[in-house]
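> Just passing along the structure, written as structure tokens.
The values are calculated or read from the model by the stated rules, or taken from the named source; none is laboratory data. No experiment lies behind these values; they were computed from the predicted model shown. Ideal geometry is used to build each Cβ from the backbone, glycine not excepted, and the neighbour counts take in all protein chains shown.
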Amino acid sequence: MNVTDQMQQELQGLKERSNLRTLPALIHEGREVIAGGQRMLNLSSNDYLGLATDRTLREEFLQELTADSFLPTSSSSRLLTGNFTVYAELEQTLAQLFGTEAATPPPRPDFTERSAPRP
């Protein structure tokens, strides 16, 4: 059996076990997707709040942007490397806004939780 036949056999086995993954036919509309005629919030997106498409928010952000406030980096977990003052300020602002004692943005769920749109 050649490599192509082995691959075809493996793909067939995955299909028979309902484990064959395919790209879904989705229509993307901002923070939502349409699949099978059903509109759903795309929780697998990094923009499920629709902030990236909010022009006013982007304009305000760019007006406030300075060399001191712009930190083009990806950091590790705050549990490992400590907190940033700007995060503490954000959490304090959110707590005041929502009238709570404390407010921490939710942790980013792992990929398996975010791998499919939800109705």
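> Would it be correct to say that SER69 is in contact (Cβ under 8 Å) with a residue 40 or more places away in the chain, small (Gly, Ala, Ser) and in contact with a helix residue (DSSP H, G or I) (Cβ under 9 Å, 6 or more places away or on another chain)? Break it down stepwise before answering.
Values: in contact (Cβ under 8 Å) with a residue 40 or more places away in the chain: no; small (Gly, Ala, Ser): yes; in contact with a helix residue (DSSP H, G or I) (Cβ under 9 Å, 6 or more places away or on another chain): yes.
It is false that SER69 is in contact (Cβ under 8 Å) with a residue 40 or more places away in the chain, small (Gly, Ala, Ser) and in contact with a helix residue (DSSP H, G or I) (Cβ under 9 Å, 6 or more places away or on another chain).
> Looking only at region 89-106, filter to residues that are surrounded by 12 or more Cβ atoms within 10 Å (Cβ to Cβ) and modelled with pLDDT of 85 or more; which one of those is farthest from SER69 (Cα to Cα)?
Applying the filter and picking the extreme gives ALA95.
> For region 15-38, which positions are more than 18 Å from the chain's Cα centre (by Cα) and surrounded by 12 or more Cβ atoms within 10 Å (Cβ to Cβ)?
Answer for region 15-38, where residues must be more than 18 Å from the chain's Cα centre (by Cα) and surrounded by 12 or more Cβ atoms within 10 Å (Cβ to Cβ): LEU20, ALA35.
> Follow-up. Looking at this structure, is PRO109 at pLDDT below 85 and either surrounded by 10 or more Cβ atoms within 10 Å (Cβ to Cβ) or of a type in the set (S, T, N, Q) (or both)?
On the way: at pLDDT below 85: yes; either surrounded by 10 or more Cβ atoms within 10 Å (Cβ to Cβ) or of a type in the set (S, T, N, Q) (or both): yes.
So PRO109 passes the test.
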